[in-house]
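Have a look at the structure below, then the notes.
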Amino acid sequence: MQISLNYRFLIALLALLAVGSGAISILLTMMLWLPSAGVPLWGQQSVSTHLFAYSVVFGFILGWIATKATRRALRTRQVLPLHWHLKSQTLIDRLPSRTFNRAFMFALAGACMATIMVLLIDLRQLHFIPFAEYLVLTTVYSICFTAAITVMSVYRALGDDTMRHSKV
């Protein structure tokens with residue numbers, strides 16, 4: 001069974017961005033906390049500060065890159081646009097149509113995801129995380145975060161200008 005053009009594009013883009021995001025997350029974590037034995041949950045150099053800054057900045061960057069790449073793929077016919085009857089009319093369809101505004105919304109979504117993550121860590125009363133465990137945690141978080149933002153960006157970008165592509 002053959003995978004459709006859109007899914008192949010999504011998987012390829014997602015894999016590329018996830019590997020890059022995971023590598024950057026590992027590098028940032030090692031640069032910030034390598035000599036220390038662990039990472040505190042709260043404070044200036046802490047899990048919460050790192051996750052909030054990472055999620056906001058990378059939410060914006062990933063939203064921007066995925067939207068631009070999908071629009072370029074649409075122009076070169078590497079992917080097919082979603083037609084009105086194929087869309088499920090979800091909240092993703094209500095994201096802004098302009099790239100900057102959409103990327104800003106993904107940055108806000110990143111802040112929400114980081115808040116949930118920090119609150120879950122605080123709920124488990126992990127006020128100090130050993131460095132090796134935090135390295136694994138931040139890498140897995142960055143890959144999952146990248147997957148979420150990329151899927152939403154690509155899906156929304158495939159539906160851009162739907163009325164122009166479909167016959168009404």
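The values are calculated or read from the model by the stated rules, or taken from the named source; none is laboratory data. Only a predicted model underlies this, so the values are computations on that prediction, with no experimental measurement involved. Cβ atoms come from the backbone with ideal geometry, glycine included; neighbour counts cover every protein chain shown. All accessible areas refer to the heavy atoms of the entire protein, side chains included, with ligands and DNA or RNA removed. Shrake-Rupley method; radii C 1.70, N 1.55, O 1.52, S 1.80 Å.
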> For the peptides 6-12, 144-150, what is the packing order when you average, over each peptide's residues, the other Cβ atoms within 10 Å and list the highest mean first?
Replying inline: 144-150, 6-12
> Can you run phi through the Karplus equation (6.51, -1.76, 1.60; θ = phi - 60°) for segment 20-33 and list ³J(HN,Hα) in whole Hz, with x for Gly and Pro?
Replying inline: x, 5, x, 5, 5, 5, 5, 4, 4, 5, 5, 5, 7, 10
>> Given Cβ point charges of +1 (Lys, Arg) and -1 (Asp, Glu) and nothing else, what value in debye, to the nearest 20, does the dipole of the chain about its Cα centre take?
In response: 920
> Roughly how tilted is helix 131-158, in degrees to the nearest 10 and between 0 and 90, from the longest Cα axis of the chain?
Replying inline: 20
>> From the C-alpha coordinates alone, can you work out the Kirkwood hydrodynamic radius of segment 1-85, in Å?
In response: 15.5
> Expressed in nm to one decimal, what extension gain is obtained for the pair R77 and Q45 from 0.36 nm per residue of sequence separation less their Cα-Cα distance?
Replying inline: 7.0 nm
>> Under the 0.36 nm per residue contour assumption, what length would be gained going from the current alpha-carbon distance of L91 and L123 to full extension?
In response: 8.6 nm
>> Can you give me the long-range amide H partners of L41? Hydrogens built in the peptide plane at 1.01 Å from N, cutoff under 5 Å, separation of 5 or more residues or another chain.
In response: V47, F128, I129
> With every protein chain in place, what's the accessible area of R72 (1.4 Å probe, Å², nearest 10)?
Replying inline: 140
> Given N residues in the chain, what is Rg(Cα) / (2.2 N^0.38 Å)?
Replying inline: 1.17
> To the nearest 0.05, what FRET efficiency results for L108 and Q2 with a Förster distance of 41 Å applied to their C-beta separation?
Replying inline: 0.65
> Label points 7 Å out from Cα along the Cβ direction at A53 and V140: separation in nm?
Replying inline: 2.4
> From the phi of every residue in segment 108-125, what ³J(HN,Hα) in whole Hz does the Karplus formula 6.51 cos²θ - 1.76 cosθ + 1.60 yield, where θ is phi - 60° and glycine or proline is x?
Replying inline: 5, 4, x, 4, 5, 5, 5, 4, 4, 5, 5, 5, 5, 5, 5, 4, 7, 6
